[in-house]
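Below is one structure; the comments refer to it alone.
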Amino acid sequence: MKLPICNFDAKNAVLCPKCENNVEVGIITKADADASIILAKLAKSNPTIDKFSLYSCKEFNGNYVLSLAKNDIMIIRQSRVLYRLLQDQFQGKIWLVEADEDDKKFIEDLFFPTKILSINSVWAPGGVQKTKAVVSGKWTPRFPIDTNKIIQIVKNARNLDIEIEFEEKRR
């Protein structure tokens, strides 16, 4: 298992002086340490999780954005049991994104399993980038994803202003 903190620290839920200093200096976040400890705890009883690579965890208003390896995300998405197991350990909603991905892929990951028709970015005067995501379907109160949370996460994690538009299929 690859984690932002030492494996020993994660398994014992106590940070060594080096990892504690990394949190204080800002090299890693408290969310990184907390997520590492949670995954290490789950890995004791679940060998699948023991193979995961957590690159970072960012927390925004109770939303946890976990940056994992691509294969790890696929494993989690194929198993509702594993997803629920992870979700139950965090205080808020978890969002799974690939580590080191571009802005477009980041937004697509946040919308999973909803289909994205297009993502367009334009540069406005003053160096401001505006991004628009066109989502397949129609927004209803039962839409599976809280689009306001996605807008917040994209703004906080990537410093992008995003607009979400829904497009129904034409017959």
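Relative contact order for the range 9-71: 27 percent, from Cα pairs under 8 Å spaced at least 6 residues apart, divided by residue count. Rounded to the nearest 20 debye, the dipole magnitude of the chain is 660 debye, with +1 charges on Lys and Arg beta carbons, -1 on Asp and Glu beta carbons, and the Cα centre as origin. Looking at the range 12-171, the accessible area is 61 square angstrom per residue; that uses a 1.4 Å probe and ignores ligands, DNA and RNA. Within the listed set 112, 90, 143, the Gaussian network model of the chain (springs between alpha-carbon atoms below 10 Å) gives the highest mean-square fluctuation for 143.
Rounded, prolate or oblate for the range 1-107? Axes are the square roots of the Cα gyration tensor eigenvalues, ordered a ≥ b ≥ c, and the cut-off for rounded is a/c under 1.5. Oblate is the answer for the range 1-107, as a/c is 1.5 or above yet b/c matches or exceeds a/b. Mind pulling the angle between the C-alpha long axis of helix 30-43 and the longest principal axis of the chain? Nearest 10 degrees, somewhere in 0 to 90. Taking the Cα atoms of the chain, the angle to 30-43 is about 70 degrees. Using DSSP, restrict attention to beta bridges with both residues in the chain and report what percent are antiparallel, rounded to the nearest 5. Here the antiparallel bridges make up roughly 50 percent for the chain. Toward the positive end of the charge dipole of the range 19-171, with +1 on the Cβ of Lys and Arg and -1 on the Cβ of Asp and Glu, the farthest Cα among 120, 25, 43 is that of 120. Between helix 147-158 and the chain there is an angle of about 60 degrees, using the helix long axis and the longest principal axis of the Cα atoms. Computed about its Cα centre, the charge dipole of the range 58-109 is approximately 300 debye, with only Lys, Arg, Asp and Glu carrying charge at their Cβ. Between the alpha-carbon centres of the range 131-150 and the range 1-52 there is a gap of 33 Å.
When the Kirkwood hydrodynamic radius is evaluated over all pairs of different C-alpha atoms of the range 81-171, what value in angstrom, to one decimal, is obtained? That comes to 14.5 Å for the range 81-171.
Subtracting the Cα-Cα distance of residue 116 and residue 79 from 0.36 nm times their residue separation leaves 11.1 nm of extension gain. Cross-link pairs exceeding 31 Å in C-alpha to C-alpha distance, out of 18/104; 51/138; 11/93; 44/70; 93/132, comprise 18/104; 51/138.
Using a cutoff of 8 angstrom between alpha carbon atoms and counting only pairs six or more residues apart, the relative contact order for the chain works out to 15 percent. Using only the alpha-carbon atoms, how far is helix 80-89 inclined from the longest principal axis of the chain? Give it as 0 to 90 degrees, nearest 10. For helix 80-89, the angle is close to 70 degrees.
Expressed as a whole percent, the accessible surface of the range 34-171 that belongs to carbon and sulfur atoms is 48, based on a 1.4 Å probe.
Accessible surface for residue 134 stands near 10 Å², nearest 10, in the context of the full protein assembly shown (1.4 Å probe). Of all DSSP-defined beta bridges confined to the range 114-168, some 55% are antiparallel rather than parallel. The local environment of residue 102, defined by Cβ-Cβ distances under 14 Å, has a net charge of -2 under the rule Lys, Arg +1 and Asp, Glu -1. A simple spin-label model places pseudo-atoms 7 Å from Cα toward Cβ; at residue 87 and residue 123 they are separated by 4.0 nm.
The values are calculated or read from the model by the stated rules, or taken from the named source; none is laboratory data. Fair warning: this is a prediction, and the values are worked out from it, not measured in the lab. Methodologically, a virtual Cβ is constructed for each residue, glycine included, from the backbone with ideal geometry; neighbour enumeration extends over all protein chains shown. Side chains included, ligands, DNA and RNA excluded: accessible areas come from the protein's heavy atoms. Shrake-Rupley method; radii C 1.70, N 1.55, O 1.52, S 1.80 Å.
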